[in-house]
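Below is one structure; the comments refer to it alone.
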Amino acid sequence: MRAPGRGPRAPPLTMPGRRGALREPAGCGSCLGVALALLLLLPAGRPVRAQNDTEPIVLEGKCLVVCDSSPSADGAVTSSLGISVRSGSAKVAFSATRSTNHEPSEMSNRTMTIYFDQVLVNIGNHFDLASSIFVAPRKGIYSFSFHVVKVYNRQTIQVSLMQNGYPVISAFAGDQDVTREAASNGVLLLMEREDKVHLKLERGNLMGGWKYSTFSGFLVFPL
């Protein structure tokens, strides 16, 4: 017997060829704060296969709500039906600085990598302080900026942002009449997963140190 004022109950969502209704996957710990409603505009009878490529499930223009049952490290969510959906919650950002003027022994004439010794921000832990290299966790558009200070050094310096070993942009500082001067620049880059970025001194030296220098970057949006 229906309660007064209530209309007929909507029939459960069913899938042709299967018994019962399409229910929320068992063991789903928590659904996304805002349900990811995927409107599958597929022609009738077109199958969607699960990850293990077992018996296809036919969805006819239905709305599938995907639960956050197994999120991956790069922000993708895989439902129990084997459909992977990227979540907007994956955030990537870093900012490193040089807090001393002491030149590290690791900086040799062979690599000329500009090292940093303090991390201010490292969301996602994709910047390695020891090597001062950032590794992209996923394909996307990234923003990078640097500010390298030379101290009591009359030589002109050239600092390059290196992507996978190749220079992308450079900055110069060569004023001989100041005690401190900075080479600064910034850029947006399209990066693939596991692409690497670091700073390299391609001209001059930093014998006076590079205290207060910074190197920062963040993921603008994934692709």
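General remarks:
- For the range 93-222, the Kirkwood hydrodynamic radius comes to 14.7 Å, computed from all pairs of different C-alpha atoms.
- Just the protein heavy atoms count here, and of the accessible area of the range 133-223 at 1.4 Å, carbon and sulfur take up 51 percent.
- Of PRO167, LEU190, GLY204, farthest towards positive along the dipole that unit charges on Lys, Arg, Asp, Glu beta carbons give the range 147-223: GLY204
- Shown is the FRET efficiency for LYS211 and LYS139, computed with R0 = 35 Å from the Cβ-Cβ distance and rounded to the nearest 0.05: 0.50.
- The 3J(HN,Hα) values that the Karplus relation (6.51, -1.76, 1.60; θ = phi - 60°) gives for the range 138-146 are, in residue order, 7, 5, x, 9, 10, 10, 10, 8, 9 Hz. Gly and Pro appear as x.
- Pairwise label distance in nanometres, PHE172 with GLU192, each label 7 Å out on the Cα-Cβ vector: 3.3
- Computed across the range 111-158, the Kirkwood hydrodynamic radius from all distinct Cα-Cα pairs reaches 13.3 Å.
- About the centre of its Cα atoms, the range 93-222 shows a dipole size close to 60 debye [charges on the beta carbon of Lys, Arg (+1) and Asp, Glu (-1) only; nearest 20 debye].
The values are calculated or read from the model by the stated rules, or taken from the named source; none is laboratory data. Here the structure is a predicted model, which means the values were calculated and not measured. Every residue, glycine as well, gets a Cβ built from its backbone with ideal geometry; the counts of neighbours run over all protein chains shown. The protein model used for the area step is the full one, side chains on, heavy atoms only, and it has no ligands, DNA or RNA in it. Shrake-Rupley method; radii C 1.70, N 1.55, O 1.52, S 1.80 Å.
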